[in-house]
Amino acid sequence: MNNYETMFVFSVAKGEESVKALVEKFTALVEKHGTLESAVPFGSNEGVRTLAYPINDETSGAYILMNYASAPEFPAELERIANITEGVLRVLTVRK
């Protein structure tokens, strides 16, 4: 088991409920394959921040930071699922 940190940027175009649904989806996925330490909004205003550049014509996004421990092959699968999920603008995972 290794410790990882994943930063998600979710679209806020469909409202706060869609962001909450995505957070619940990825939280459940991490808990299924590892040990979730924390899943918190990054920054103020519940993690909603202005993007440095538009992504898919959106200028703001909800930043969520997840810390967890899992097997070494899980972060690649998590990023794969995030990249094909509608509403996820960006995802980045680093090993701590």
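The values are calculated or read from the model by the stated rules, or taken from the named source; none is laboratory data. This is a predicted model, so every value here is computed, not measured. Because the Cβ atoms are built from the backbone with ideal geometry, glycine has one as well, and the counts that use them run over all protein chains shown. Calculation scope for accessible area: heavy atoms of the full protein, side chains included, ligands and nucleic acids excluded. Shrake-Rupley method; radii C 1.70, N 1.55, O 1.52, S 1.80 Å.
Things to note:
- Bridgeable aspartates and glutamates around K14 (alpha carbons under 19 Å apart, same-chain partners fewer than 8 residues away excluded): E24, E46, D57, E58, E86.
- Counting only protein heavy atoms and a 1.4 Å probe, the chain has 60 square angstrom of accessible area per residue.
- The chain: angle of helix 74-83 to the longest principal axis, Cα-based, in degrees nearest 10: 20 degrees
- Gain on full stretching of the segment that runs from K25 to L65 - 0.36 nm per residue minus C-alpha separation: 13.0 nm
- Rounded FRET efficiency, nearest 0.05, which uses the C-beta distance separating E73 from L51 and R0 of 30 Å: 0.50
- Helix 16-33 vs. the chain, principal-axis angle (Cα, 0 to 90°, nearest 10): 10 degrees
- Share of carbon and sulfur in the accessible area of the chain stands at 51%, probe radius 1.4 Å.
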